[in-house]
Amino acid sequence: MAIFKSDKNTSFNPQEINILNAGTTLSGNLNSEGDIRIDGQVKGNVTVKAKLVLGPSSRVEGNVVATNCDVSGTVLGNVQVAEILAIKSSASITGDLQCAKLIIEAGASFNGRSKMGPAQENFKDHGKTGAETKQAEDPSPAKG
């Protein structure tokens with residue numbers, strides 16, 4: 001029996017969950033139209049148009065953008081979530097957060113700034129680095 005079947009339907013199915021297992025490292029940006037669970041390591045930005053689950057063994061070194069997100073692992077980068085961001089007790093996030101609703105369990109580690117509000121406000125600076133966003137939000141006063 002072959003591992004890869006050529007007759008498999010390759011169209012997008014929103015009911016299927018993508019999984020990046022522990023022990024797997026991806027270098028580069030990861031984009032997904034559907035739900036995804038990461039238990040491995042990603043060195044790059046992660047963009048998910050559905051739900052993203054970062055398991056306890058996960059590590060993301062880059063920015064995260066998702067519709068909904070549960071974090072149990074480590075994120076070194078900014079996190080933008082259109083709806084609900086749940087930070088579990090085993091999570092560690094170093095970076096800024098933007099989301100509509102935020103849940104942080106006791107024991108979680110978060111170092112950065114957080115901003116909450118409707119999704120359209122959260123994603124207005126999408127694609128900018130943290131420094132660019134900070135300059136846009138907090139410009140220096142003009143000298144006279």
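Structure data summary
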{"item": "Residue within segment 65-72 that is crowded, with 19+ Cβ neighbours inside 10 Å, polar (S, T, N, Q) and closer than 23 Å to residue 118 by Cβ present", "result": "yes"}
{"item": "Filtered residue count, segment 1-45, keeping only those that are at pLDDT 80 or above and not β-branched (Val, Ile, Thr)", "result": "22"}
{"item": "Identity of the residue in segment 16-40, among the β-branched types (Val, Ile, Thr) and not in a strand (DSSP E or B), that ends up nearest to residue 68 (Cα to Cα)", "result": "17"}
{"item": "Residue 142 vs. criteria more than 16 Å from residue 66 (Cβ to Cβ), modelled with pLDDT of 50 or more and assigned to a loop (DSSP other than H, G, I, E, B)", "result": "no"}
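The values are calculated or read from the model by the stated rules, or taken from the named source; none is laboratory data. What you are looking at is a predicted structure, and each value in this text was computed from that prediction instead of being measured. Glycine also receives a Cβ, built like all others from the backbone with ideal geometry; neighbour counts cover every protein chain displayed.
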